[in-house]
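The values are calculated or read from the model by the stated rules, or taken from the named source; none is laboratory data. Note that the coordinates shown come from a computational prediction; the quantities given were computed from them, not determined experimentally. Using ideal geometry, Cβ is built from the backbone for each residue, glycine included, and neighbour counts are taken over all protein chains shown. Ligands, DNA and RNA are stripped out before the accessible areas are found, and what is left, the full protein with its side chains, is counted by its heavy atoms. Shrake-Rupley method; radii C 1.70, N 1.55, O 1.52, S 1.80 Å.
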Amino acid sequence: MVTVEVENGSNQETPTPNNNYVSNIKQNGHSIEPMNQIPGYLSIYAIFQIIGIFLILSVFLWLQIYRTGFGFSGTIHICNWHPLLMTITFIYLFANSILHFRNFRNTTKRKLKMQHATIHSCIVIFGVLGIWTGLNSNLIANPPIPKFYSLHSWLGIITVIMFLSQFTSGFISFLYPEIGMRYKKVIMPYHIIFGILTFVLSIITSVLGFSEKIIFALNQQYEHMPTEGIFLNFLGIILIVYGVLVVYILIKPEYKRSSKADDGVTNNRT
């Protein structure tokens, strides 16, 4: 049922043409989308958050228990910050950032853009720290470890470049008031597509990074399937599932945020 306002000021309930679609309700002059009327969204969002937090805790426990923990001196201790920080930033925070418009669909578009940019800024800050720990640990190793030779490092560079390009172009295009509305409407679909591609690439890069680190750490022991190796293999599978779940939420039409009158840039559903 949808509540509509008739001319005499009273409200009248009329049936929706399709119960599978979310009803828009007017509250204080603004259209709102009740989350509990979006079939399955709350459940899948809860699963998304549980898996994301589980990934962070699992990476932390793996490095703390099997890889001697964290520190700011010693090659191993410094290097261990790299997978943890990159999991927090380019996996968990990145996923929450690109789903932010789905999760807070009744917030004004302007506020959502500012919050989206803020989360991305945190990713840049802590992501740079994560990259620095990886590079620095290679430099202080004795003998120094070669850099930028593996597929993980190559894809990592591409991911960072794509992310920074997205961040810069998005900040200028959608937060700078002087940019024309027509340009914003043209750039929006490409911004969304390249954002999804960047996230998918970050998932692939992370899986390769886990595989590379465990191979170097265990060497020939890996083929005997030790507990640590099995744990990392399952963690890689869960990471892939997490990425698929995020992309599914992003592309499912019923989960998209409906455009509001005060959005400015509208794409029907974003």
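Of all the criteria given as (1) assigned to a helix (DSSP H, G or I); (2) open to solvent by less than 20 Å² (accessible area, probe 1.4 Å); (3) at pLDDT below 95; (4) of a type in the set (Gly, Ala, Ser), the one not satisfied by residue 43 is (2).
Checked across segment 90-101, the condition of being over 19 Å from the mean Cα position of the chain (by Cα) and open to solvent by 40 Å² or more (accessible area, probe 1.4 Å) holds for no residue. Would segment 110-128 turn up any residue that is closer than 24 Å to residue 254 by Cα, touching a His at 6+ places or on another chain (Cβ under 7 Å) and surrounded by fewer than 18 Cβ atoms within 10 Å (Cβ to Cβ)? So far as segment 110-128 goes, yes, one or more of its residues are closer than 24 Å to residue 254 by Cα, touching a His at 6+ places or on another chain (Cβ under 7 Å) and surrounded by fewer than 18 Cβ atoms within 10 Å (Cβ to Cβ). Restricting segment 50-66 to residues that are open to solvent by 10 Å² or more (accessible area, probe 1.4 Å) and among the aromatic types (Phe, Trp, Tyr), the residue that is nearest to residue 85 (Cα to Cα) is 60. Exactly one residue out of 163, 216 is open to solvent by 80 Å² or more (accessible area, probe 1.4 Å) and either touching a helix residue (DSSP H, G or I) at 6+ places or on another chain (Cβ under 7 Å) or assigned to a helix (DSSP H, G or I) (or both): that is 216. Would you check if there is a residue in segment 197-204 being on the phi < 0 side of the Ramachandran plot, among the polar types (S, T, N, Q) and at pLDDT 90 or above? Checked against the condition, which is being on the phi < 0 side of the Ramachandran plot, among the polar types (S, T, N, Q) and at pLDDT 90 or above, segment 197-204 yields at least one hit. Just one of the listed residues (89, 107) is without any contact (Cβ under 8 Å) to a residue 60 or more places away in the chain and under 12 Å from residue 202 (Cα atoms), and it is 89. For residue 198, indicate whether it is in a helix (DSSP H, G or I), polar (S, T, N, Q) and either touching a Leu at 6+ places or on another chain (Cβ under 6 Å) or more than 18 Å from residue 91 (Cα to Cα) (or both). No; evaluated as a whole, the condition is false for this residue.
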